[in-house]
1. What angle do you read, to the nearest 10 degrees and between 0 and 90, between the alpha-carbon axis of helix 51-67 and the longest principal axis of the chain?
2. Before rounding to the nearest 500, sum -39500 (n - 2.57) across all DSSP H runs of length at least 4 in the chain and divide by the residue total; then give [θ] at 222 nm in deg cm²/dmol.
3. Quick one: helix 29-42 against the long Cα principal axis of the chain, what's the angle to the nearest 10°, folded into 0 to 90?
4. Once the dipole of the chain is set up with Lys and Arg at +1 and Asp and Glu at -1 on Cβ about the Cα centre, which of 57, 3, 153 lies farthest towards its positive end?
5. Which one, (1) 18.4, 71; (2) 17.4, 50; (3) 35.0, 121, gives Rg and Dmax of the Cα atoms in Å as derived from the coordinates shown?
6. Would you mind checking the tilt of helix 142-154 against the longest principal axis of the Cα atoms of the chain, expressed as 0 to 90 degrees and rounded to 10?
7. Give the peptides 71-81, 27-37 in descending order of average Cβ contacts within 10 Å, highest first.
8. Report the charge-dipole magnitude of the chain in Debye, nearest 20, computed about the Cα centre from +1 at each Lys and Arg Cβ and -1 at each Asp and Glu Cβ.
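Since every read-out is calculated from the coordinates, none of them should be taken as a lab result. Since this is a predicted model, take the numbers as computed values, not measurements. Here the Cβ is made from the backbone with ideal geometry for all residues, glycine too, and neighbour counts use every protein chain on show.
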Amino acid sequence: FFGRTGGNDDSLDCDPTFYALPVVEIGELSDLGGDIVEALSAIQPGGFTPTGPALAGALEHASEWAANAPGRATAVVLVTDGYPTQCEPRGISAIADLAEEAHSQEPYLRTFVIGLSAKFNIDNIARAGGTHQAYRVDEGDPAASFLGALKNVSNSKLACAYEIPDPPADTMRID
């Protein structure tokens, strides 16, 4: 969750390390879904939107996790209104650069974006993070729409790469 102090303490809200400590640890959505719902229910959104530091911290944690989980695809889901209003980087292109950097180096991290009342900007972050476009929550039924967006994220295919070893030297070869 970002903007934890509601814009009252920039020293916390603007510090990426503050967001590198997850409320719910990375794991299988099927195992952690209840924990995520509980965490979402316990937080009251409000205040400013320090999107840059929040994404940077989430990507930092995901990168550390992925480095210790070789062979596992790892992704970050950014849920935002699309209006970064606090802390640097504040511009959408600079925030998209964070997602692109995480997607372009090992371990490769994808950044999914879910927009709450977001009319623009967020597709650039999703594209830079390797996920093509953002999912937008319908304001008419936000709970069902948000759940649908999470299902779309969880059903997305994450590319994997496997090394295929050379066959043993004593095997028969057929040309």
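1. Tilt relative to the chain: about 30 degrees.
2. Result for the chain, helices only: -12000 deg cm²/dmol.
3. 10 degrees
4. 153
5. (1)
6. 20 degrees
7. So the peptides 71-81, 27-37, ranked by packing, come out 71-81, 27-37.
8. It works out to roughly 500 debye.
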